[in-house]
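Notes for the one structure printed next.
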Amino acid sequence: MLVSPSVLSCDFGNIQRDTQMLHNSSADWLHIDVMDGVFVPNISFGFPVLQAIRKHTDKILDVHLMIANPDAYLEEFKKAGADILTVHYEVCPHLHRTIGRIQELGMKAGVALNPHTPIEVLSEVAPMLDLVLIMSVNPGFGGQKFIAAANDKVARLKSLRQSTNSHFLIEVDGGVNLETGAQLAQAGADALVAGSFVFGASDPVATIAALKSL
């Protein structure tokens, strides 16, 4: 299991310390949530914070754009250090073009689906994708309760991947802990995002290792 701890849940006053902790842990990626207060009802951080995180780790930066107009900023996220760039289906009217541009810039391209969005909307672009991010909470805030329907959604997405001869990774974000993570692993998830579960633990490094063992 790939584990991508969400930096949104770190101590912002000690972001260098927490980044270095993640760097030294068994975490595979660092998940960076970018929110604009338009697409989601919250504002997080942008390019300066991403650049600061990049200075303190060479691990993959898994950047999740919860913003209304991602196409305007793709080049800037590449320059700031993003390795994987995930956009939301719900805000991309020309998704095929957006995916292609992300990949042209040298990043892996992901598409995120909100809880109400069916996986079938990706059938035409599935072979292009490097990653699909299933939201198992409504995006915008950490610490929310896991939406159990995500398990079936992951299983159906795995079937879609096979039927379209695609090779994207299946990532899940929201309410992930050891119990829900085990369910998602059984359903076919390849990567788990965990924020408050990791940073709220008495031993975040051991918690990351436990998630990886699922």
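The values are calculated or read from the model by the stated rules, or taken from the named source; none is laboratory data. Bear in mind the structure is a predicted one, so any value in this text is a computation, not a measurement. Don't worry about glycine lacking a Cβ; one is built from the backbone with ideal geometry, like all the others, and counts go over all protein chains shown.
Observations, loosely collected:
- When A68 is tested against the conditions (1) at pLDDT below 95; (2) assigned to a loop (DSSP other than H, G, I, E, B), the lone failure is (1).
- For beta carbons closer than 7 Å, sequence separation of 6+ or different chains, a first residue in region 31-52 that is free of Cβ contacts under 8 Å to residues at least 40 places away in the same chain and a second that is part of a strand (DSSP E or B) and exposed (fewer than 15 other Cβ atoms within 10 Å of the Cβ), the qualifying pairs are D36/I43; G37/I43.
- Among the residues listed as D11, D28, D18, the single one being among the acidic types (D, E) and under 17 Å from the mean Cα position of the chain (by Cα): D28
- Members of region 155-214 found to be within 23 Å of L65 (Cβ to Cβ), free of Cβ contacts under 8 Å to residues at least 60 places away in the same chain, assigned to a loop (DSSP other than H, G, I, E, B) and within 18 Å of the chain's Cα centre (by Cα), listed by number: H167, F168, G174, G175, V176
- Summed over region 82-117, the residues that are over 27 Å from A148 (Cβ atoms) and within 15 Å of the chain's Cα centre (by Cα) give a count of 6.
- Selection status of A126, in contact with a Leu (Cβ under 8 Å, 6 or more places away or on another chain), closer than 24 Å to V7 by Cα and at pLDDT 95 or above: no
- Every residue from region 2-29 that is in contact with a helix residue (DSSP H, G or I) (Cβ under 9 Å, 6 or more places away or on another chain), in contact (Cβ under 8 Å) with a residue 40 or more places away in the chain and of a type outside the set (A, V, I, L, M, F, W, C): P5, S6, S9, D11, Q16, D18, N24, S25, S26, D28
- Considering only residues in region 1-21 that are touching a strand residue (DSSP E or B) at 6+ places or on another chain (Cβ under 8 Å) and among the polar types (S, T, N, Q), the one that is farthest from V172 (Cα to Cα) turns out to be T19.
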